[in-house]
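These notes concern the structure reproduced below.
The values are calculated or read from the model by the stated rules, or taken from the named source; none is laboratory data. None of these values were measured; they are calculated from a predicted model. Ideal geometry is used to build each Cβ from the backbone, glycine not excepted, and the neighbour counts take in all protein chains shown. When the accessible area is computed, the model is the full protein with side chains, heavy atoms only, and any ligands, DNA or RNA have been set aside. Shrake-Rupley method; radii C 1.70, N 1.55, O 1.52, S 1.80 Å.
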Amino acid sequence: MVFYCLCAGFILYTYKLWTHEEKPSFVSPQLIADGKLVWQKHNCQSCHQFYGLGGYLGPDLTNEFERWDNNAQVIEAFIRSGNNRMPSYNLTQDEMKALLGFLEAMNTTGNADPRHFAIRKDGMIE
Ligand code: HEC
């Protein structure tokens, strides 16, 4: 009896995990892929992290889009101008569009800041 209950629990929980909805992304997969290449080409990861992994000179950028209320222009302006700790990047319009699309899509993959994690009753983290 216990065995069947555990099996049923396992199946239900697995179903729940598989049907768990992510935040929707409206960026085309091609743009995301191009943006990832721009990210790699300029080695942003050497100073920035996604989900805490990367270099630690700059902040984690997983939820950078949300941080600025999805205002891409603010982020673009910062990347173009840089400051005394972050180099400026004079990217082409296309490169910038792709990079911002990549960051926008990254934000929809989840929440990377452990300070804002909340554990729900069903064990999921939001
Ligand atoms: C040499 C290290 C370095 C590299 C390489 C680098 N950054 Fe940064 N970046 C920083 C630092 C340091 C900051 C924090 C600046 C501050 O707050 O004064 C920062 C801040 C930022 C911010 C603003 C974060 C915020 O909300 O305050 C964005 C967006 C950003 N970087 C994007 C990028 C992108 C995109 C690339 C690659 C094209 C990149 N960075 C490459 C060091 C770097």
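Just a few scattered comments:
- Just so you know, in segment 7-55 the residues that are of a type in the set (A, V, I, L, M) and farther than 20 Å from Q93 by Cβ include one that is least open to solvent (accessible area, probe 1.4 Å), and it is A8.
- Only one of the listed residues (A98, A112, A105) is in a loop (DSSP other than H, G, I, E, B), within 14 Å of the ligand (Cβ to nearest atom) and in contact (Cβ under 8 Å) with a residue 60 or more places away in the chain. That residue is A112.
- Each residue in segment 4-56 was checked for being under 25 Å from M124 (Cβ atoms), part of a helix (DSSP H, G or I) and hydrophobic (A, V, I, L, M, F, W, C), and 10 pass.
- Condition check for V27: β-branched (V, I, T) and within 13 Å of the ligand (Cβ to nearest atom): no
- Given (1) away from the ligand (no atom under 11 Å from the Cβ); (2) among the polar types (S, T, N, Q); (3) surrounded by 17 or more Cβ atoms within 10 Å (Cβ to Cβ), index of the condition Q93 fails: (3)
- Any hit, segment 51-71, residues being in contact (Cβ under 8 Å) with a residue 12 or more places away in the chain and small (G, A, S): yes
- Some residue of segment 61-79 being exposed (fewer than 12 other Cβ atoms within 10 Å of the Cβ) and not in a loop (DSSP other than H, G, I, E, B): yes
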